[in-house]
Amino acid sequence: MSDTKTQGQKLEEQLLYKQKNIWEKASDDFIAKSFDFCEEYKRFLNAAKTEREFTAEAEKAAIAAGFKSLSSLTASKSKLKPGDRVYHINRKKSAVFAVIGNNPLADGVNILGAHIDAPRIDLKQNPLYEDTELAFFKTHYYGGLKKYQWLTIPLAIHGTIIKGDGSAVEIVIGESDDDPVFNITDLLPHLAREQMQKKMSEAVTGEGLNLLLGSIPYKDDKVKEKVKLNILSMLNKKYGIVEEDFQSAELEIVPAHKARDVGFDKSMVGGYGQDDRVCAYPALRAVLEIDTPQRTAVCLLTDKEEIGSMGNTGAQSNLLQDFLANIIALSEDSYSDLKLRSCLSGSKMLSADVNAAVDPNYDSVFEKRNATYLGRGIVLQKFTGSRGKYDASDASAEFVGEVRKLFNDNDIIWQSGELGKVDEGGGGTIAQYAANLGIDVLDCGIAVLSMHSPFEITSKVDIYTTYKAYKVFCTLK
Ligand code: MN
Ligand code: MN
């Protein structure tokens, strides 16, 4: 039998836009590499559950890859030249990494921008109390989370305490196998008749998210709150802290579980904080690994995205401009504001953030022709926002076209989609803040199931595809 395709079938092949399932299209070698890459990714997820930890791990990896700190280069008045690798850590919670390209910086740079904070539960500043001979921490949740998902799961505490003398104590407890874990309790079903009638948004309150810490009283009849005192005494012995030290602490409660393979076929990664580490990690790897690019390649990692990107560590801060100004000053004979402005308006950025994968258990919220799917590759999202595109960052047709062509030319499998049906909800990323600076920005990341939950799920081939796509983006002329 020779050609059995009908005229119509041939025309379909030629004209129709079809999304591809990577598992069906990719070579065995590509799939093996995807699995290998995700072993490293899972290790990183386990080591970097908070923005501070991500920053610290990223700095270690950058130094190992030959990066020099901006402050050291500025101090030694070194001149930057093509191929030089430079980074800046901002207040231990956000960071920028760059590999200097052959073109002048005033031509613009290629930026991969991701956020490294994740929804979690923070301690209040006066957290410790005792009730019914049990000790608890009061908490204040951070970011958009469904509170009920955080009950009755093992939890860990990560963070920093600045003591009265100004010294810092780093805390990680609940991660190693012989550590204890912590927990937020839930009501037994036998007594939950009233609770079960409530709306899901009201069944668990913010003030109800109290973390269980201990139950052994300090043996002294003269003491009123014996369990609280016993906990404070243990913390004092271990960390040298007193109760007032919580006032100057940032302690974050995160799921204690490790990232794991999901499914009989191990095709997926499950873990906490994949929004947005599943994009931040490949973005960082792409920039750390690139040789001398044509245009300078930049990886921007920001904090506070989950609560609006405000503050001096968020994407609305001057972090990116200050960094670019500094590397312009170190690369050229003279610095001028015009060079910085020209650099910004000539720059291109992928806002590396996640999208909601279609979940067949909840398919009524997705418009399936314009939604994203596990296993279909990196997601191009032309615009974000909600309702009538309010608060959107909207990439131009020209820039989407440029990225689409780049990916097609380099065999990068991609899909496109928006976050849910029109008027169903929506969301934003750091894209708009970069776009406000005159940068061409496109949201471009990975589809996730159970986003913002303690155990988010992603596809291994999407992760590896995204890593390849980010590397290709760094070579964009
Ligand atoms: Mn995100
Ligand atoms: Mn998010």
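The values are calculated or read from the model by the stated rules, or taken from the named source; none is laboratory data. This structure is a prediction, so every number in the text was calculated from the model and none was measured. When we count neighbours, we look across all protein chains shown, and the Cβ atoms used for this are built from the backbone with ideal geometry, even at glycine. Quick note on the areas: whole protein, heavy atoms, side chains included, nothing else; ligands and nucleic acids left out. Shrake-Rupley method; radii C 1.70, N 1.55, O 1.52, S 1.80 Å.
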Carbon/sulfur accessible area of the chain, % of total, 1.4 Å probe, equals 51
Highest to lowest packing among 149-158, 407-416, scored as the average C-beta count within 10 Å: 149-158, 407-416
Using Cα pairs under 8 angstrom and six or more residues apart, how large is the relative contact order of region 121-255, in percent? 39
Ranked from highest to lowest mean number of other Cβ atoms within 10 Å per residue, what is the order of the peptides 429-439, 128-138, 277-287, 256-266? 277-287, 429-439, 128-138, 256-266
As a quick test, which of the pairs Lys25/Lys382; Lys147/Lys382; Lys339/Lys477; Lys124/Lys237 have an alpha carbon distance above 27 angstrom in this structure? Lys147/Lys382
With a cap of 15 neighbouring Cβ atoms within 10 Å, and only residues DSSP puts in a loop, list the trypsin sites (Lys or Arg not before Pro) found in region 355-397. Arg387, Lys389
Quick calc, region 121-255, dipole around Cα centre from Cβ unit charges on Lys, Arg (+) and Asp, Glu (-), nearest 20 debye, gives 420
Considering only the other residues whose Cβ falls under 14 Å of the Cβ of Gly388, what net charge follows from Lys and Arg at +1 and Asp and Glu at -1? -2
Name the residue from Pro189, Ile173, Ala64 whose Cα lies farthest towards the positive end of the charge dipole of region 46-203, charges +1 on Cβ of Lys and Arg and -1 on Cβ of Asp and Glu. Ala64
Before anything else, pin down the relative contact order of the chain: Cα pairs under 8 Å, at least 6 apart, normalised by residue count, whole percent. 22
Which of the residue pairs Lys68/Lys348; Lys228/Lys258; Lys33/Lys471 have a Cα-Cα distance greater than 27 Å in the structure shown? Lys228/Lys258
Protein-only accessible surface order, largest first, of Ser233, Ser76 at 1.4 Å: Ser76, Ser233
Between helix 397-409 and the chain: long-axis angle, C-alpha atoms, 0 to 90°, nearest 10: 80
Trypsin sites (Lys or Arg not before Pro) restricted to region 40-115 and DSSP loop, no more than 13 other C-beta within 10 Å: Lys77, Lys79
Keeping every protein chain present and rolling a 1.4 Å probe, give me the accessible area per residue for region 105-169 in Å². 36
